[in-house]
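Report on the following structure.
What follows draws every value from the coordinates through simple rules; no lab data is involved. Because the structure is predicted, anything quoted here is derived from the model rather than measured. Cβ coordinates were reconstructed from backbone atoms using ideal geometry, including for glycine residues, and neighbour counts include every protein chain displayed.
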Amino acid sequence: MYRMGEAEVRRVRKVIQSGRMFRYSEGGECATFERDWAAHVGVKYARLTTSGTTALYAALVGLGIGPGCQVIVPSYTYMATALAVLAAGAIPVVADVDESLTLSPKDVERRITRYTKAIIPVHMVGLPSDMDKIMRLARKHQLLVVEDACQAVGGGYKGKKLGRFGHAAGFSFNFFKNISAGEGGGFVTNDEQAFLRGSVAVDCCAYYWNPDEKRADLQFAGHNFRANEFSGALLNEQLKRLDDMLDRMRSAKQELLEVGLEAGLRSIKNNSLEYECGSHLGFYFKNEKAARTFCDRLKAQKVSAFLPMDTGRHVYTRWDPLLRYQGAHHPALDPFKIEANRKCRVEYSLDMCQDSLDILNRAVLIGMHPDNKRARLGQMAKAIRAAAKEAVRS
Ligand SMILES: Cc1ncc(COP(=O)(O)O)c(C=O)c1O
C-alpha cells in the first residue's frame, strides 16, 4: 500500500547518473536510510538487508541464537518468520495467537521449556503484539525478544515505535509493505554486539571494511544479503511519506470501527489502537459461516476483505518445510537432524494450535488505504452496515 512517484524516480536517476551503486562507495543512500530509520524507530543501530527474512535471520544470528535453542513464533505469520529461525540453526516452536491475531502471551508461557532462548512476536497486518506482557514474560524467563515488524513498518505501541521494545527487530520493505524498495529489509537493535554480528551475517565482508580490532567473534563466515544504493534511494524518499500514510489509515480505521460497532459487530482485540499502523480493521463473528457471509458481502461491494485463515502461507498449517521437517537443503545442515538440536526438537501437527484456527476462521480483516477519500470511506461504511446486518442474521 506504499505510495511511489516522481520523487523516487528523481532520486534513483541521481544514483544511476552518479555511477555510485555500491553502498560502500561515496553515495551514502543506504547509510542515510540506516541513520534515519534508526532515529525513526528510536534505536541506536539499523542495518539494511535484501529482505525481511534476511533481516530476521541477521537479528537472530546477531543475538547468538543457533543450534540448541528453541524460538517461539506465532501460528499466524508468514512462514519466513519460522524459516528464519531454521536458517539460524534453531528450532521454531509454534504458539497460539489470541483475539488480537498476534502472539498469545498466555500460550507462550505454556510453551516455554529449558531450551527456549527467544520469542518472536509478529505485528501482523499492522497490529501490534501485546508487548507489555511479552516483555514481562521475557524478563521473567530471561528470554530474548526479536520483533517481527515486517508487516508493521512505521507502526507503534503505546506511544513508541514497534521495533524498539525487543532486543532486536526485523522489517520488510518488499512490494506489499508500508514502504517499499520492491524487495528489501532491515534489522534494528540497541545492542552493539548484535548489530556487528548481524551485519556480518548479511554481509560477509562487513567486518573487513573496518577491521580496526582483531575480533575473533566477528570473523565467522557470513552471507551476502547486502543492500544496494537503489534500494537506499527509494527508501529515503519512501520514509518521508510514511507518517502521513499511517495517520490517514489509522483515522479511517477508527471511524469505520465505530460504524461496525454501532452495527452490532464485535471488534478483534486492538492492543494499541492509537499507535498501530491502521492498515487493517478487524471484526469477529460467532462462527465461520457468519464471518464468510460478512466477507463475501463486503467483496460484492468492492471492499477489500479476507479471513486471516485464507491468506497463503501465513497460517502454520501451510508451512510445509516445517511440517515436513525439511529444515535445510542438506541433511548435515538441517536443524531438525543435527545432534546439537537432539534435545530441543519438537513435533509439529496440523492441530497443534487449534485455538488459533478457531480465531483465524472467525475473523474478517478489511484493508485500509491511505488514498481513500471521504466518498470512498462513506461507501465502505455503507457496505459494512449492510454486510453486518446479513452476518448477524446468518
Ligand atoms: C510477518 C512477516 N515476516 C517476515 C516476512 C519476510 O519478509 P520478506 O518477504 O521481505 O523476506 C514477511 C513478508 O511478507 C512477513 O509478512
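General remarks:
- Whole-angstrom Cα spans of the stretch 255-304 along principal axes, big to small: 30, 24, 18
- Eligible aspartates and glutamates near Lys240 by straight Cα distance, threshold 15 Å, same-chain separation 8 or greater: Glu6, Glu8, Glu29, Glu34, Asp36
- Packing-based order for 296-307, 148-159, using average beta carbon neighbours within 10 Å, highest first: 148-159, 296-307
- One Cα centroid belongs to the stretch 372-391, the other to the stretch 255-313; the line between them spans 12 Å.
- Long-range tail of P(r) for the stretch 205-247 (Cα pairs > 14 Å, %): 65 percent
- Modelled FRET efficiency - R0 30 Å, Thr113 with Gln326, Cβ distances, 0.05 increments: 0.85
- When Rg and the Kirkwood radius Rh are both evaluated on Cα atoms of the stretch 6-237, their ratio Rg/Rh stands at 0.98.
- Longest exposed-site-free window of the chain, the sites being GluC sites (Glu not before Pro) in a DSSP loop that have at most 12 other C-beta atoms within 10 Å: 27-212
- The charge dipole of the chain, taken about its Cα centre with unit charges on the Cβ of Lys, Arg, Asp and Glu (plus for the first two, minus for the last two), comes to roughly 640 debye.
- log10 of Debye I(q)/I(0), alpha-carbon scatterers only, for the stretch 127-201 at 0.15, 0.23, 0.25, 0.27 Å⁻¹: -0.54, -1.08, -1.17, -1.24
- Long-range Cα-Cα pairs in the stretch 131-289 (distance over 26 Å), rounded percent: 43 percent
- Between the stretch 1-39 and the stretch 110-180, the alpha-carbon center distance in angstrom: 27 Å
- One equal scatterer on each Cα of the stretch 320-385, no solvent, Debye formula: the resulting log10 I(q)/I(0) at q = 0.27, 0.28 Å⁻¹ is -1.13, -1.16.
- Debye intensity ratio I(q)/I(0), log10, the chain, q values 0.06, 0.08 Å⁻¹ (C-alpha model): -0.24, -0.42
- Taking Cα centre as origin and charging only the Cβ of basic (Lys, Arg, +1) and acidic (Asp, Glu, -1) residues, the dipole magnitude of the stretch 264-394 rounds to 680 debye.
- Positive-pole candidate from Ala138, Gly312, Cys69, dipole of the chain, charges at beta carbon: Gly312
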